[in-house]
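Chemist: Have a look at the structure that comes next, please.
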Amino acid sequence: MRFGPDAPRGFLLLLGPGKLNMLQFNKIHPTREDYRPTREDYRRLASEENSTAELLEQLLGTVRRQYWVILFVGALTMALALIYVVAATPRFMAVATMFIDRGKVQPFAQQQQILIDNPMDSAAIEGQLQILKSDTIALSVINSLHLADDPEFGGSIDKSAGTIFGLFSGLSHSNNSDRTRNALASFKLRLTAGRVGMSFVIEISFISDKPERAAQIANAIVEAYIDDQLEAKYEITRRANDWLQSRLGELQRQSADSEHAVADFKAKNNLLNVGNGQSADEQLISQLNTQLLEARAQTSSAQARLDRIEQIIRAAGDIDDPTTGTVADTLNSPVINQLRTKYLELVNREADLAARVGSNHLAVINMHRQIREIRNSILDELKRISETYKSDFEIAKQRQADVEKRLEGAISVSRSASQAQGALNALESKARAYHSLYDNLLQRYTELSQQESLPTTEARFITRASPPLDKAYPKTRLVLAGALFAGLMLGFGVGFLREMLDSVFRTTKQIGAALHTNCLAVVPLAEKPPASSSPAAEPKLQLESASLRTMIRRSSILWTVNDSPLSRFAEAVRAVKLAVDLGVPEQSKVIGITSAIPNEGKSTISANLAVLMAQVGARVLLVDGDLRNPSLSRALAPAAKGGILEVVSGKSSLSDVLWTDISTNLAFLPAAMSFRLADSNEIFSNDLTKQLFKELRQSYDYIIVDLSPLVPVIDVRATTNLVDAYVLVVEWGRTKIKLVEHALGEAGNLYENLLGVVLNKANMDVVHRYDGHLEGYYRNEHFARYYAD
């Protein structure tokens, strides 16, 4: 049965796992009954398959394939964590809690009591925490407990280092300050203080190598903080008392001096009978201000009129028509109005007369002279009006200056009295302020003196620290659990990185997505069996075969389908044959087998495919088309003296160079190459080669051509006029995807005639890890009922 436009759609499912399934095909072409999927269909399906489920499947596939890497890295991190837990020095944490009361000592409280109850906000609590963790508290504890000499805080190590430094440098090196700094740094690293929730409870924890030492230091920290707070309050009270005493004496003197100064100033400036109402000077100044505003307004108006008339005069001197300025300036002069009327009349008459008798007529000239005289009269009248406006402007300026002079004199007179009154008010205000401040401070001093100093602070113990029973660090379970989680994540990252770098073909889906073509079969790795003949008998066998031109079965891997017909290898080759039968409509088929790079198994696939076709009674010819490296000829006909080159060149006939297999009747056309041929591609593009293949089509049903790889040489590109369809052999887990894509991109004609890809040398025990959806296809106990291996 042939695969062509009339083939039923269901036969698409027989071409192997790389073909479209029926549901996908129906989505692409729901109305077509007979259709072969195109490469565009594969591209479309590849884009539609990117979903969340597939992403999850990829992650699970990564775990399935790289589980040994993940487990190894996880075990390694667990081992390192266990070593750390065993080797690390155990440390113990002691915890003490204290409470910060909301009462605050206020020496200057507004009430009679000193201790008042004010709420403490979060900022104040944070401030107390900073004091608790300050260097002052830490140094107090270090000095009281002599921690600078404790080896746990670097005391003995620093002391030894200082001694060695002194010996080598010859200097007297005092390392007391260095030991204290080292102890302080270690102390602050071990100290933790924090607020419990939003309460006023502070939790202080300290870590030490000894449980008793940890409890001792934690309690000492709280005690040092309480002592520091008490000392601060004693200091505040003492300073406040001293300051009040000195300040009261000073305020008493200042208050008395201020009262005497007020009395003397009143007597000196005769301000005893001054009223609180508005004075006469102030009333006069107000009236003069009003008059000054009016005078300035009149001056501005006169200046504006003067500027306007001068602008009109300048414009009238520059143009022929002096009436333009008068029209714009709305002047009410009757003289100008009469002259303007006469001027316009003469202008019209001049224009009319000039139009009748010409501009050079004596009457026109006399009339033009009269117009100039009237224009000069208008200008003279405008100048007279300008002089009038100038006189008005000078009068307004003189009046404004007179009012300003009177106002300045009134202000000068009023200023002396105002200064005296302001000085008196300032003296009285100062005297009242000193008296009020003296009374308030005297009251506070009396209250503070009558009360005893209270030895209390806001902080107090809630729970004293006790020696812990269990170590705090390292926490074995937490460290091991964290190491396990981190190790698994790191292992997954390493495995994912290996997956990203593993850019080779491992699944049929990769072939469809990357190359947009069919995966005809997944061929398992076939182990090479031992040679069929012993070394002693091999020379005789070669001699006999050379005389009879019978193919040698020394390389049994080329005859796997014949030796193991019930193996998965043979079944995969049958899938390739079925794809050839369905995919190539020609009666006599020429199939080219090639690969991207050498050693991918193309010759093995070519030989086994030819043997399989010959077993079913077809007339099959196997041609060694790899003229650069004829591996099939060396394996099947090592003693061949002639081959395809001799037939094409006419030196030998086809019957003289053909080799056959007696059991299958398979014919083999070798390539007997005694030297390397540089222009081997020219052999395939030769017209004689075309004629040879045309004759071979008449004698054989199948012609399997083992071609050279695509990447090293270009011979395969020259065979497109000889071969009906190509089968690309790709080695599983070795051939780079980008390499195959580049090779097919360079051979465009070959790609168009590509029947599909054979994924060769697959490790069937591992391949299922790379295709979770088809795990049952690769690993299924039902295969044992049909396969012998």
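The values are calculated or read from the model by the stated rules, or taken from the named source; none is laboratory data. All figures in this text were calculated on a predicted structure; none of them were measured in a lab. FYI the Cβ positions are ideal-geometry reconstructions off the backbone, even for glycines, and counts take in every protein chain you see. Surface areas here come from the heavy atoms of the whole protein model, side chains and all, with no ligands, DNA or RNA. Shrake-Rupley method; radii C 1.70, N 1.55, O 1.52, S 1.80 Å.
Residues checked against (1) more than 29 Å from residue 735 (Cα to Cα); (2) acidic (Asp, Glu):
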site	(1), (2)
671	no, no
679	no, yes
684	no, no
687	yes, yes
694	yes, no
698	yes, no
704	no, no
708	no, no
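Chemist: Checking residue 593 against (1) under 22 Å from residue 731 (Cβ atoms); (2) assigned to a loop (DSSP other than H, G, I, E, B), only one condition comes out false. Which one?
Modeler: (2)
Chemist: Report yes if residue 722 is of a type outside the set (Ser, Thr, Tyr) and either surrounded by 18 or more Cβ atoms within 10 Å (Cβ to Cβ) or not in a helix (DSSP H, G or I) (or both), otherwise no.
Modeler: yes
Chemist: Of the conditions (1) touching a Ser or Thr at 6+ places or on another chain (Cβ under 8 Å); (2) among the hydrophobic types (A, V, I, L, M, F, W, C); (3) in a loop (DSSP other than H, G, I, E, B), residue 678 satisfies every one except a single condition; which number is it?
Modeler: Every condition holds for residue 678 apart from (1).
Chemist: OK, next. Residue 667 fails exactly one of the following numbered conditions: (1) small (Gly, Ala, Ser); (2) open to solvent by 10 Å² or more (accessible area, probe 1.4 Å); (3) outside any loop (DSSP other than H, G, I, E, B). What is the number of that condition?
Modeler: Condition (2) is where residue 667 drops out.
Chemist: Answer yes if at least one residue in segment 239-251 is under 16 Å from residue 464 (Cβ atoms) and surrounded by 15 or more Cβ atoms within 10 Å (Cβ to Cβ), and no otherwise.
Modeler: no
Chemist: Also, I was wondering about something else. For segment 123-143, which positions are part of a helix (DSSP H, G or I) and under 21 Å from residue 199 (Cα atoms)?
Modeler: Correct list: 123, 124, 125, 126, 127, 128, 129, 130, 131, 132.
Chemist: Might you let me know whether segment 240-259 holds any residue that is of a type in the set (Phe, Trp, Tyr) and farther than 29 Å from residue 475 by Cβ?
Modeler: At the first step, the residues of segment 240-259 found to be of a type in the set (Phe, Trp, Tyr) are 243.
Next, from what is left, pick out any that are farther than 29 Å from residue 475 by Cβ: 243.
Yes.
Listed here are the residues, each with its yes/no results for (1) open to solvent by less than 70 Å² (accessible area, probe 1.4 Å); (2) under 20 Å from residue 479 (Cβ atoms); (3) part of a helix (DSSP H, G or I); (4) aliphatic (A, V, I, L, M).
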| position | (1), (2), (3), (4) |
| --- | --- |
| 63 | yes, no, yes, yes |
| 68 | no, no, yes, no |
| 71 | no, yes, yes, yes |
| 78 | yes, yes, yes, yes |
| 84 | no, yes, yes, no |
| 92 | yes, yes, no, no |
| 98 | yes, no, no, yes |
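Chemist: Check whether at least one residue in segment 576-585 is at pLDDT 90 or above and farther than 21 Å from residue 667 by Cα, and report yes or no.
Modeler: Yes, because at least one residue in segment 576-585 is at pLDDT 90 or above and farther than 21 Å from residue 667 by Cα.
Chemist: Would you mind stating whether residue 254 is in a helix (DSSP H, G or I) and at pLDDT 85 or above?
Modeler: Details: in a helix (DSSP H, G or I): yes; at pLDDT 85 or above: no.
Taking the combined requirement at face value, the residue does not satisfy it.
Chemist: Starting from segment 642-664, keep only residues that are open to solvent by 40 Å² or more (accessible area, probe 1.4 Å), then list their pairs with residues that are among the aromatic types (Phe, Trp, Tyr) whose Cβ atoms are within a distance under 9 Å, requiring at least 6 positions of separation or different chains.
Modeler: The qualifying pairs are 660/668.
Chemist: Let me ask something else. How about segment 611-655: which of its residues are out of contact with any helix residue (DSSP H, G or I) (no Cβ under 8 Å at 6 or more places or on another chain), among the polar types (S, T, N, Q) and under 25 Å from residue 717 (Cβ atoms)?
Modeler: 629, 633
Chemist: Which condition from (1) touching a Ser or Thr at 6+ places or on another chain (Cβ under 8 Å); (2) modelled with pLDDT of 85 or more is the one that residue 152 breaks?
Modeler: (2)
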